[in-house]
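Here's the structure, in C-alpha cells; my notes come after.
The values are calculated or read from the model by the stated rules, or taken from the named source; none is laboratory data. Predicted model only: the values in this text are computed from it and were never measured. Quick reminder, even Gly has a Cβ in these numbers, built from the backbone with ideal geometry, and neighbours come from all protein chains shown. SASA here: full protein model, heavy atoms, side chains in, ligands and nucleic acids out. Shrake-Rupley method; radii C 1.70, N 1.55, O 1.52, S 1.80 Å.
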Amino acid sequence: MLNVHDFETAARATLDPVYADFIAGGARDEITVRANEAAFSGLRLLPRMLRGSAERDLAVTLLGDRADLPILLSPTAFHKLVTPDGELATARAAAAAGALMIVSMASTVAVGEIADAARAVGGDDVSLWFQLYIQPDLEITEALVRRATDAGCTALVVTVDSPVLGANERNRRNGLNDLPAGLYCENLRDLRDGESGHVRQIAMSPELSWEHIDWLRRTTSLPILLKGVLHPEDARLAVQHGVDGLVLSNHGGRQLDTVPATLELLPEMAAAVAGRIPIVLDGGVRRGTDVVKALALGASAVGIGRPVMWALAEGGEKSVRHLLELLHAELDDTLALCGASGLDDLTPELVRPAGWGHAGQGTCNGGVVS
Ligand SMILES: Cc1cc2nc3c(=O)[nH]c(=O)nc-3n(C[C@H](O)[C@H](O)[C@H](O)COP(=O)(O)O)c2cc1C
Ligand SMILES: CCCCC(=O)C(=O)O
C-alpha cells in the first residue's frame, strides 16, 4: 500500500460490490463526485526553492483541539459494514496517528464506546467531534447532543446539506435500502423506549432553518460547525448566527448532484468568512498535494471520507493507521518540496491554474491567485 488509490483497489477486491458501490457512489450522474477530484488536478503547485527547514510542523489547532496533522476523518456512517469492530477500529487508528475523527451520528458503535476506545489509545488529550443531523423532534436532538457531550466530544458538526437523502442510483439498482441484520445506528438506540436504532429512525428534515441553528446555539456550549454550506451568502449568515466553523463539503457528491467542487468554492468562501471562523474542506482529497492546495487557498484543514472506508475495508484498524501515516508523510514531503516549513507558509501564490497561461482555465482559484 503506497497511496490512497491502492487502498481502494485492494478494498474492491474483497468487498461485496453492493457495499463498494455504496461507498464510491454519489447522487444521480455523479458529476460532483468526479468534479471534486478533478478540481485538484486542475491546479498546479509552484514551489519556492532554498527556503525550507530541516523539519516541518504539520500540527494544527482547530477550535481549541490540537491534531498532529491537518487531515481530519470526515464523518462516515456504518463502519461495521466493512469491518467487524466498526468505528472502534477507526477511532483507535485516528488516535494512534494523532488525527481528529468526526464521529457520524449514524455510527454502528455508540459514541461513548468510540470515545473510550480512542482514549485507551491516545489518552485524555484525544479529541473527537460529533456529526449531527438535527432531528425535527428537538427532544431527540437534545438527547443526541447529550450523548455526544457525555462522551466528551468537543464540537458538533451539523450537516445541513441533507434536507432529503441524496439519490444514489447505484444503491437503488442494487436494492440497498437497509442495514444488514444485526447492525444498528447505536446512537439512536433507546432514545425513546424500545427503539432499536434502526436506520429509518434518522429523519432528514426539509423544514430545518436558521432558527434551528439558533436553538442549538442556545442548547449547547460546544462549538458548532456547519457541514455542507456552499453559498458564500450562507457562510456569512453562519458567522452572523454564531457558528464557530464550516466544513466546506458537498457530501462527497452524495447530495445535490452538479454542485461545484468544494475546491472551486474555497476562495469565495474564505473571502466570505474573512478569517473569522475556520474552514475545513472535504471532497476528493487523495494526496498530500491536494491538502497543500486546499490550505494554500484558505482552508485550515481538510477531511477525508472514502479513503478511510477503503482502508477500513482493506485491513481494519492497522490499515487506517497506515493510510493516515502515508498521508502525513506525503504532506510532509510536499511541504519540503514547496519550500515550506509549516502550514502557515501555504499561501495562494503557491498555486496556479493548469493550462498554457489561460487565466481561469483551472477555474479553481476564483481570481484569488494574482
Ligand atoms: C460511505 C459514506 C458515508 C458517509 N456518511 C456521512 C454521514 O453519516 N454524515 C455526514 O455528514 N457525511 C457523511 N458522508 C460524507 C463525508 O462526511 C464527506 O463529506 C465526503 O465523504 C468527503 O468526500 P470524499 O469521500 O471524496 O473524501 C459519507 C460519505 C461516505 C462516502
Ligand atoms: C443516515 C445515514 C446517512 C449516511 C450518509 O450521509 C451518506 O451515506 O452519505
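Before moving on, here are some points about what is shown:
- When residues of region 56-68 are limited to those that are in contact with an Asp or Glu (Cβ under 9 Å, 6 or more places away or on another chain) and in a loop (DSSP other than H, G, I, E, B), the one farthest from H328 (Cα to Cα): L63
- Matching residues, region 235-272, being charged (D, E, K, R) and over 19 Å from the mean Cα position of the chain (by Cα): R236, E268
- Restricting region 59-78 to residues that are in contact with a Leu (Cβ under 7 Å, 6 or more places away or on another chain) and among the charged types (D, E, K, R), the residue that is nearest to ligand 1 (Cβ to nearest atom): D65
- Subset tally (residues that are in contact with a helix residue (DSSP H, G or I) (Cβ under 8 Å, 6 or more places away or on another chain), farther than 14 Å from N187 by Cβ and part of a helix (DSSP H, G or I)) for region 93-121: 10
- The lone exception for A91 - which of (1) within 16 Å of ligand 2 (Cβ to nearest atom); (2) crowded, with 23+ Cβ neighbours inside 10 Å it fails: (1)
- Residue list for region 94-121, filter: touching a residue at least 60 places away in the same chain (Cβ under 8 Å), under 19 Å from D65 (Cα atoms) and either surrounded by fewer than 22 Cβ atoms within 10 Å (Cβ to Cβ) or of a type in the set (V, I, T) (or both): A96, I102, V111
- Any strands (runs of 3 or more DSSP E) falling wholly within region 273-356 and containing at least 2 residues that are surrounded by fewer than 22 Cβ atoms within 10 Å (Cβ to Cβ), over 18 Å from the mean Cα position of the chain (by Cα) and not hydroxyl-bearing (S, T, Y): 351-353
- Residue, farthest from ligand 1 (Cβ to nearest atom), within region 145-175, restricted to residues that are open to solvent by less than 40 Å² (accessible area, probe 1.4 Å) and more than 23 Å from L62 (Cα to Cα): A167
- Residue in region 249-264 that is in contact with a strand residue (DSSP E or B) (Cβ under 7 Å, 6 or more places away or on another chain), open to solvent by less than 40 Å² (accessible area, probe 1.4 Å) and within 25 Å of G152 (Cβ to Cβ) present: yes
- Remark: pairs (first residue in region 189-205, on the phi < 0 side of the Ramachandran plot; second residue open to solvent by 70 Å² or more (accessible area, probe 1.4 Å) and within 9 Å of ligand 2 (Cβ to nearest atom); Cβ separation under 6 Å; 6+ apart in sequence or on different chains) = M204/L165.
- Selection within region 122-139 - buried (at least 18 other Cβ atoms within 10 Å of the Cβ), more than 16 Å from ligand 1 (Cβ to nearest atom) and outside any loop (DSSP other than H, G, I, E, B): G122
- Test for V280: is it over 21 Å from M204 (Cα atoms) and in contact with a Gly (Cβ under 9 Å, 6 or more places away or on another chain): yes
- Just so you know, in region 21-54 the residues that are charged (D, E, K, R) and either free of Cβ contacts under 8 Å to residues at least 12 places away in the same chain or outside any loop (DSSP other than H, G, I, E, B) (or both) include one that is nearest to I304 (Cα to Cα), and it is E37.
- Some residue of region 33-51 being out of contact with any Lys or Arg (no Cβ under 7 Å at 6 or more places or on another chain), open to solvent by less than 40 Å² (accessible area, probe 1.4 Å) and within 16 Å of ligand 2 (Cβ to nearest atom): yes
- Neighbours by Cβ (under 7 Å, 6+ apart or cross-chain): first from region 254-281, of a type in the set (D, E); second modelled with pLDDT under 95: E264/T363; E264/C364; E268/G366
- Selection count where residues are closer than 12 Å to G303 by Cβ, among the small types (G, A, S) and open to solvent by 10 Å² or more (accessible area, probe 1.4 Å), scope region 53-83: 1
- Checked against (1) away from ligand 1 (no atom under 14 Å from the Cβ); (2) part of a strand (DSSP E or B), T258 meets all criteria but (2).
- Members of region 261-284 that are within 14 Å of ligand 1 (Cβ to nearest atom) and in contact with an Asp or Glu (Cβ under 9 Å, 6 or more places away or on another chain): A261, T262, L263, G283, G284
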